[in-house]
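The values are calculated or read from the model by the stated rules, or taken from the named source; none is laboratory data. Remember, predicted model here, so these are calculated numbers, not experimental data. FYI the Cβ positions are ideal-geometry reconstructions off the backbone, even for glycines, and counts take in every protein chain you see. Remember, those area values only see protein heavy atoms, side chains included, never the ligands or the DNA or RNA. Shrake-Rupley method; radii C 1.70, N 1.55, O 1.52, S 1.80 Å.
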Amino acid sequence: MRSLLWIMLTAWSSLGQTATTELTFDVFLDDEPIGFHRVSIQEMPGERRVQVEAEMEVDFLFFTAFSYRHRADELWREDCIFELETRTDDDGQRLSVDAGPLGDALEVVTPSERKRLDGCVRTFAYWDRDFLDASELLNSQTGELVPVEVEALEPRRIPYLGSDIEAQPYRLTGEGLQLEVFYAGDRWVGLESTVEGGRILRYEMVQEA
C-alpha cells in the first residue's frame, strides 16, 4: 500500500510546471560492484519532491555478508525539509523516520523517540550543493541530528558517465563520519567514504537525465 505522503506528493506533482532530474550511481566497495543509489528530483514552484532508492549487497563465498536497502520520500520547501518518510533495512536492522511540520518547527518521529527541531533542517542531500553550508544535518536513516564540518579539497579527476571529469571534492567529518562528496559546478557527480577495514565505498555516476 502506498503511503499517504507518497499519494499527496504524486497529486501535487500534477499541478503546475515540473522539471525532473534523475541521478543514478553504481556503488563499489574498492573495485567490486555492490549496488546502486538513485535519486529523482522533481522541481515544482516553491517545492521539490525527492525520491531516494539505494540497495547494496556484499557477498562472501556463497553467503551474503552484508545487505542494505533504503527508500525515502522527501518534500522540500525553501531549501528546508518539510516532510520526510524513510524506511531502511540495514543488514537486518529495520529503521524508520517520519517527519513533518509542527507549527514553525519540524517534528521527527522514530520508533524510539519523538522530537522537535527548530529552524531550517537539512539532510545529507548530496544532490543539493547548498547542504554543505549547514553545520548540522539530519540523518534520514536514524533521525539523528549530526554536527558536521566541511573542508574543500584539491580538485581531482573521477569516473563520470563512462569517462572522467575534474571535480571539486568536499570532505565531511563528524562523529563516526568521514566522506568526500564531489561536484562539477553545482552538480553532484561522486562520493567516496572509508568504511570498516579501511575499504573504500565509492559512487560512480552512470546516468544523469
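Data for the structure
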{"quantity": "Cα lying deepest toward the dipole's positive end in the stretch 143-209, options Gly198, Tyr160, Leu177, charges on Cβ", "calculated": "Tyr160"}
{"quantity": "Nearest-20 debye value, the stretch 54-141 charge dipole, Cβ charges on Lys, Arg, Asp, Glu", "calculated": "220 debye"}
{"quantity": "Using distinct alpha-carbon pairs, which all enter the 1/r mean, Kirkwood radius of the stretch 157-209 in Å", "calculated": "11.8 Å"}
{"quantity": "Measure of compaction for the stretch 79-142 (Cα Rg per 2.2 N^0.38 Å)", "calculated": "1.13"}
{"quantity": "D_trans [Stokes-Einstein, Kirkwood Rh over alpha-carbon pairs] for the stretch 69-175, 20 °C, 1.002 mPa s, µm² s⁻¹", "calculated": "140 µm²/s"}
{"quantity": "Cα→Cβ-extended label distance, 7 Å offset, between Val206 and Ala184, nm", "calculated": "1.8 nm"}
{"quantity": "Size of charge dipole - the stretch 58-199 - debye, nearest 20, with Cβ of Lys, Arg +1 and Asp, Glu -1, no other charges", "calculated": "340 debye"}
{"quantity": "Equivalent ellipsoid dimensions for the stretch 21-84 as semi-axes, Å, which come from the Cα gyration tensor, largest first", "calculated": "31, 12, 7"}
{"quantity": "Sparse-neighbour loop sites [GluC sites (Glu not before Pro); the stretch 112-209; at most 11 other C-beta within 10 Å; DSSP]", "calculated": "Glu113, Glu175"}
{"quantity": "The stretch 147-184 residues near the modelled Thr194 label - backbone nitrogen below 14 Å, point 7 Å along Cα→Cβ", "calculated": "171-174, 176-180"}
{"quantity": "Separation in nanometres of the label points that stand 7 Å from Cα toward Cβ, at Phe60 and Glu78", "calculated": "5.0 nm"}
{"quantity": "Mean separation of Cα contacts under 8 Å (6+ apart) over length of the stretch 118-209, as relative contact order %", "calculated": "20 percent"}
{"quantity": "Accessible surface of the stretch 38-127, 1.4 Å probe, proportion on carbon and sulfur as whole %", "calculated": "49 percent"}
{"quantity": "Between helix 4-13 and the chain: long-axis angle, C-alpha atoms, 0 to 90°, nearest 10", "calculated": "90 degrees"}
{"quantity": "Förster radius 35 Å - calculated FRET efficiency between Lys115 and Glu154, Cβ distance, rounded to 0.05", "calculated": "0.35"}
{"quantity": "Cleavage-rule hits (chymotrypsin sites (Phe, Trp or Tyr not before Pro)) in the stretch 54-96: DSSP loop, at most 11 neighbouring Cβ within 10 angstrom", "calculated": "Phe62"}
{"quantity": "For the chain, the Rg and Dmax computed from alpha carbons only, in angstrom", "calculated": "17.2, 52"}
{"quantity": "Distance in nm between pseudo-label sites at Thr21 and Leu161 (7 Å out along the Cβ direction from Cα)", "calculated": "1.3 nm"}
